[in-house]
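Colleague: One structure, as structure tokens, below. Some questions next.
The values are calculated or read from the model by the stated rules, or taken from the named source; none is laboratory data. Keep in mind the model is a prediction, meaning the values are calculated, not measured. Please note: Cβ atoms are built from the backbone with ideal geometry, for glycine as well, and neighbour counts cover all protein chains shown. Areas reflect the complete protein model, heavy atoms only, side chains present, ligands, DNA and RNA absent. Shrake-Rupley method; radii C 1.70, N 1.55, O 1.52, S 1.80 Å.
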Amino acid sequence: MLCFDHRGMGLSTPIPAATVAHHVGPKVADQANFLKRFRADSAVKDLEAIRQCLTTDFPANLKKWSVMGQSYGGFVAISYLSKYPDGLREVFTMGGLPPITTNGPEEVYRRLVGKVQQRNVAYFKKFPEDRAKVRMILDYLLKQESTTGRVALPDGGLLTAERFMQLGILLGAHGGLDTVHDLVLTAANDLELFHFLTRPTLSKIAAQGAFDNHPIYAVLHEDRKSVV
């Protein structure tokens, strides 16, 4: 079995924000064009090139290989089927299946919105007291934005109301309801005791919601959910 580090991931030319600027400079347009080289279609081309290289001397019946993809790897696997099906013996996908209709992404987004709403219902059913806590946290963050300024995170980022709601992405993970509850409980406790968010709480929130080390995921692998 070969484990593949996609472009910009692992040891394959990692792409945190600083290295993007290092490669192409500070202009946003240049950085956007550079990041286009790290999409799934490029990953498929890389994989097919590797397959052809490794199987050059193989008999015809052994030239095809099987691929297995999880999450984003599942998207790559489906793209592989679309572009180079003759190189594949079989494909296994685990938890990552892109839309395969020809009607555009609207249906996918519609279904995603429905699923997000379901997870929010499940969250507040399990932790009904968190509805008031979430509202209190959002009111605090909105007030900070309109008066003294946004809340600074220990990593140098900013905690806005929108960014706090994006913690809802955790609702799609195993154990995510409890993880979000822990963050909400901790933040609400800070506000009730001190009327501000403490550094340990801000550090916990930053650790869950930061994409500084994963710009490819943030920019190319769109995946957003919210606590609403």
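Colleague: Mind listing whichever residues of the range 170-208 are open to solvent by less than 20 Å² (accessible area, probe 1.4 Å) and of a type in the set (Val, Ile, Thr)?
Modeller: Going residue by residue through the range 170-208, those that are open to solvent by less than 20 Å² (accessible area, probe 1.4 Å) are 171, 176, 180, 183-184, 187-188, 190-191, 197, 201-202, 205-206.
Selection gives Val180, Val184, Thr201, Ile205.
Colleague: Exactly one condition in (1) in contact with a Phe, Trp or Tyr (Cβ under 8 Å, 6 or more places away or on another chain); (2) closer than 23 Å to Ile216 by Cβ; (3) of a type in the set (Gly, Ala, Ser); (4) surrounded by fewer than 16 Cβ atoms within 10 Å (Cβ to Cβ) is false for Gly8; which is it?
Modeller: For Gly8, the failing item is (4).
Colleague: Just to check your reading of the model, which residue among Leu191, Leu202 is touching a Pro at 6+ places or on another chain (Cβ under 9 Å) and part of a helix (DSSP H, G or I)? Even if it seems obvious, please write down each step before you answer.
Modeller: Values: Leu191 fails: touching a Pro at 6+ places or on another chain (Cβ under 9 Å).
Sole residue among the options that is touching a Pro at 6+ places or on another chain (Cβ under 9 Å) and part of a helix (DSSP H, G or I): Leu202.
Colleague: Within the range 57-76, is even one residue among the charged types (D, E, K, R), surrounded by 14 or more Cβ atoms within 10 Å (Cβ to Cβ) and over 21 Å from Met94 (Cα atoms)? I'd like the intermediate steps shown before the answer.
Modeller: As a first pass, look at the range 57-76 and keep what is among the charged types (D, E, K, R): 57, 63-64.
Keeping just the survivors that are surrounded by 14 or more Cβ atoms within 10 Å (Cβ to Cβ) gives 63-64.
Next, from what is left, pick out any that are over 21 Å from Met94 (Cα atoms): 63.
Yes: one or more hits.
Colleague: Looking at Arg51, Arg37, which is the one that is among the basic types (Lys, Arg), open to solvent by less than 30 Å² (accessible area, probe 1.4 Å), without any contact (Cβ under 8 Å) to a residue 40 or more places away in the chain and assigned to a helix (DSSP H, G or I)? Talk me through it step by step, then tell me what you get.
Modeller: Values: Arg37 fails: open to solvent by less than 30 Å² (accessible area, probe 1.4 Å).
Step by step, each of Arg51, Arg37 is checked, and only Arg51 is among the basic types (Lys, Arg), open to solvent by less than 30 Å² (accessible area, probe 1.4 Å), without any contact (Cβ under 8 Å) to a residue 40 or more places away in the chain and assigned to a helix (DSSP H, G or I).
Colleague: Which one is farthest from Asp212 (Cα to Cα) among residues in the range 141-169 that are in a helix (DSSP H, G or I) and open to solvent by less than 30 Å² (accessible area, probe 1.4 Å)?
Modeller: Pass one, the range 141-169, residues in a helix (DSSP H, G or I): 141-146, 161-169.
Then drop every residue that is not open to solvent by less than 30 Å² (accessible area, probe 1.4 Å), which leaves 141, 161, 164, 167-168.
Working: Leu141: 21, Ala161: 18, Phe164: 16, Leu167: 15, Gly168: 18 Å.
Restricting to residues being in a helix (DSSP H, G or I) and open to solvent by less than 30 Å² (accessible area, probe 1.4 Å), the top hit is Leu141.
Colleague: May I pose another question? Has the range 96-116 got at least one residue that is open to solvent by less than 80 Å² (accessible area, probe 1.4 Å), within 28 Å of Lys45 (Cα to Cα) and of a type in the set (Val, Ile, Thr)?
Modeller: Checking the range 96-116: at least one residue is open to solvent by less than 80 Å² (accessible area, probe 1.4 Å), within 28 Å of Lys45 (Cα to Cα) and of a type in the set (Val, Ile, Thr).
Colleague: Do any residues in the range 89-110 that are assigned to a loop (DSSP other than H, G, I, E, B) have Cβ atoms under 7 Å from those of residues that are at pLDDT below 75 and open to solvent by 80 Å² or more (accessible area, probe 1.4 Å), where the two are at least six apart or on different chains, and which pairs are they?
Modeller: none
Colleague: Filter the range 77-93 for residues that are hydroxyl-bearing (Ser, Thr, Tyr) and surrounded by fewer than 20 Cβ atoms within 10 Å (Cβ to Cβ) and give the result. Outline the logic, then answer.
Modeller: Taking the range 77-93 first, the residues hydroxyl-bearing (Ser, Thr, Tyr) are 79-80, 82, 84, 93.
Listed by number, the residues that qualify are Ser82, Tyr84, Thr93.
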